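Following: one structure in structure tokens, then a few remarks.
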Amino acid sequence: MRHLISPLDLSVEELDDLLELAKDIEKNPKKYAHACDGMKLATCFYEPSTRTRLSFESAMLSLGGSVLGFAGADSSSAAKGESVADTMAVISCYADICAIRHPKEGAALVATTKAKIPVINAGDGGHQHPTQTLTDLLTISSLKGRLDNLTIGLCGDLKFGRTVHSLINALIRYSNVKFVLISPEELKIPDYIREEVLDKNNIEYVELERLEEALPDLDLLYMTRVQKERFFNEEDYVRMKDFYILTSEKMKLAREDMLVLHPLPRVNEIAVEVDDDPRAVYFKQAQYGVYVRMALILTLLKWRDEVC
Ligand code: CP
């Protein structure tokens, strides 16, 4: 049985197969409409979510399965002090597969210790968000036609933004991928990503503070929100929150074919006027999240059945 805790839990070949499956699901949804008849997905969300939880639920329902779960720690027995591992031992009696989101780094890995079903990390603190990465990779592959030979700008909260950490980990496995890391000094990429991931693998990158300086060279701009929930004090958050605002005026500096991605939710970092720019693909990206989660559920259940 396999879990998905980090994007690196999938080999490049497995990832390519998963993306191909997601593309087939997009083209032929009816073919998969009963693929999970009689199966149940549990969504155990200890932290707020719109896209991840609902796209998982939409994915399972589109496969013919059912969903159960909780949308906040307060409505589960976590409020009475139950551990994540114990909760997962119990959820294993109720569901065939589980997606878990938790504010603590490593919680999804802990969940696997007592799980008897495949566990999917739907975001653990500021650490990883592998299914957002699958969504991002499907978006890039579908709309750019490739995952290699790309110059990617990552802009905003690179310190706490778990989507950025997961995306870097996944993309360094493709050839000639360069990163432009755009952030204020306080929100720079953590040292462990810079040293253990980028430097160790000889990945080309630059660190900049001005978005305008980066824009002309990018194939993709991945905007992120400043992660309010990870700040220790409100004052620091307020100082940082509007550091970057992508406007139609700034988009004039970018190439005609530069795509703008954002894992969402957006706060102020992309002006609403940019939504009408054909290069803004963040809402399409949310739709790709359903196809790729359908592909992931199918793949993990297939691997479980091969073992059982
Ligand atoms: N992108 C993302 O994880 O969104 P939610 O927090 O709404 O799930």
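The values are calculated or read from the model by the stated rules, or taken from the named source; none is laboratory data. Since this is a predicted model, take the numbers as computed values, not measurements. So basically every Cβ, Gly included, is an ideal-geometry build from the backbone, and we count neighbours across all protein chains shown.
Counting only helices (runs of 4 or more DSSP H) that fall entirely inside the range 124-216 and contain at least 1 residues that are more than 17 Å from the chain's Cα centre (by Cα) and touching a residue at least 40 places away in the same chain (Cβ under 8 Å), the qualifying elements are 130-144, 211-214. Taking the stated definitions as given, is Gly72 loosely packed, with under 14 Cβ neighbours inside 10 Å, in the same structural domain as Leu301 (by TED's automatic domain parsing) and farther than 29 Å from Lys30 by Cα? Yes. Taking helices (runs of 4 or more DSSP H) as the structural unit, those lying wholly within the range 231-308 and holding at least 3 residues that are within 16 Å of the ligand (Cβ to nearest atom) correspond to 282-307. Summed over the range 26-53, residues that are closer than 16 Å to Leu301 by Cα and within 19 Å of the chain's Cα centre (by Cα) total 3. Among the residues of the range 68-99, none is identified as among the basic types (Lys, Arg) and in contact with a strand residue (DSSP E or B) (Cβ under 9 Å, 6 or more places away or on another chain). Residue count for the range 75-86 satisfying the condition of being more than 24 Å from the chain's Cα centre (by Cα), part of a helix (DSSP H, G or I) and either modelled with pLDDT of 95 or more or not polar (S, T, N, Q) (or both): 4. Residues being of a type outside the set (A, V, I, L, M), farther than 30 Å from Arg210 by Cβ and within 16 Å of the ligand (Cβ to nearest atom) are entirely absent from the range 148-170. Scanning the range 15-67 for residues that are assigned to a helix (DSSP H, G or I), free of Cβ contacts under 8 Å to residues at least 60 places away in the same chain and in contact with a strand residue (DSSP E or B) (Cβ under 7 Å, 6 or more places away or on another chain) yields Glu57, Leu61. The listed residues are Ser58, Ser49, Ser62, and the only one of them that is surrounded by fewer than 24 Cβ atoms within 10 Å (Cβ to Cβ), within 14 Å of the ligand (Cβ to nearest atom) and under 22 Å from Glu20 (Cβ atoms) turns out to be Ser58.
Only one of the listed residues (Ile270, Ile297) is closer than 18 Å to Leu134 by Cα and of a type in the set (Val, Ile, Thr). That residue is Ile297.
Here Gly106 qualifies as small (Gly, Ala, Ser) and within 19 Å of the chain's Cα centre (by Cα).
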